[in-house]
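Notes follow the structure.
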Amino acid sequence: MTNRSKQKTTTLNLRIPSQTEKLSLAREFVADAAKVFGFEEDDVHNIALAVDEACTNIIKHAYNYATDKEIEIVVSMNSPEFEILIEDKGKHFNPQGVVMPEMKEYLSHYKKGGLGMYLMKKLVDKVEYSIQPRKNVVRLIKYLH
Amino acid sequence: MNEFKISFRESGKIHVMELKGYLDAHTAPNLEEAFQKLVNAKKFNILVNCKDLAYISSAGLGVFMAFIEDIRTSGGDIKMSNMTPKVYNIFDLLGFPMLYEIFSDEHEAVKKFDAKKQSSK
């Protein structure tokens, strides 16, 4: 066992209904945890925005705007790693099917969708998607430097 | 819940929208409606003052993308001003400053609109 795995991990979780008006709750929950973890204000903002984007994608694509579903957010804090899992039980999402836009070319065609995934990758250190039994999981990692 | 408000005023022939609060997937439809109203009324010179805009997600950025082409084709423009560094950083991450003129102060943006009108006379 390494020293790191002996360190205590603090885990917090929040469930929100699949409604855009609840996005602010998700942002505040994650921002509070990130502040306690020791992130500077800009990083706190960026982490909250990445979670907002992940939840928005779930509401739009996994649940197709159904408002009676649930999104679970699990924050695990084990310095220097701040991990956020965002889980849904909706339609599977295949990130391989999404081509990351080359922004200059993308903007020149005035497209409006698909900006969220691009933004998430810019805001945190890692973005991973996995399909687990009966749920989809987006995993975001941000390191405290 | 985080609130979002839009107020309108005129500065000469420029239509100024002041955004306040949190612009996300929940509130972006309000901005979309506001742009649609201006476009329907053929008000194409639009300046968006972001002084009190605390937050923007891609849903909000998408609204600017949705209208810019039609507005420019109609001879107008969307210019922006007074962004906080936090909000500017998100526009910048997506390369928006290549596509939109963003001014630190509203007066500069108004002057730019006026200069364009002079040169097209």
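The values are calculated or read from the model by the stated rules, or taken from the named source; none is laboratory data. These figures come from a predicted structure and were not determined experimentally. Ideal geometry is used to build each Cβ from the backbone, glycine not excepted, and the neighbour counts take in all protein chains shown. Each accessible area value is taken on the protein alone, full model and side chains, heavy atoms only, with ligands, DNA and RNA left out. Shrake-Rupley method; radii C 1.70, N 1.55, O 1.52, S 1.80 Å.
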On the Cα set of the protein assembly as shown, report Rg and Dmax in Å, please. 20.0, 76
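Considering only protein heavy atoms and a probe of 1.4 Å, how much of the accessible area of chain B is carbon and sulfur, as a whole percent? If you can, show how the numbers build up before the last one.
Working: 2850 of 5740 Å².
It is 50 percent, rounded to a whole number.
Which loop-located trypsin sites (Lys or Arg not before Pro) does the range B:34-63 contain, where loop means any DSSP state but H, G, I, E or B and the Cβ has at most 14 other Cβ atoms within 10 Å?
On the way: sites: B:37, B:42, B:43, B:51; in loops: B:42, B:43.
Of the trypsin sites (Lys or Arg not before Pro), the ones in loops of the range B:34-63 whose Cβ has at most 14 other Cβ atoms within 10 Å are B:42.
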Taking 18 Å as the cut-off for C-alpha to C-alpha distance, list the pairs among A:22/A:60; A:69/A:142; B:42/B:112; B:86/B:116; B:42/B:79 that go past it. A:69/A:142; B:42/B:112; B:86/B:116
Using Cα positions and a limit of under 18 Å, work out the aspartates and glutamates in reach of residue A:91, with same-chain residues fewer than 8 apart set aside. A:53, A:68, A:70, A:72, A:128
For peptide B:46-56, the mean count of other chain Cβ atoms within 10 Å per residue Cβ is 1
Please check the range A:27-73 for residues whose accessible area, probe 1.4 Å, is lower by 40 Å² or more when all protein chains are in place than in their chain alone. A:27, A:45, A:49
Using just the C-alpha positions of the range B:4-119 as equal point scatterers, what log10 of I(q)/I(0) does the Debye formula give at each q in 0.11, 0.17 1/Å? -0.31, -0.78
The range A:1-65 versus the range B:40-60: alpha-carbon centroid distance in Å: 27
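Tell me the chymotrypsin sites (Phe, Trp or Tyr not before Pro) within the range A:1-66 that lie in a loop according to DSSP and have at most 14 other beta-carbon atoms within 10 Å.
Values: sites: A:29, A:37, A:39, A:63, A:65; in loops: A:39, A:63, A:65.
For chymotrypsin sites (Phe, Trp or Tyr not before Pro) across the range A:1-66 that sit outside H, G, I, E and B with at most 14 neighbouring Cβ atoms in 10 Å, the list reads A:65.
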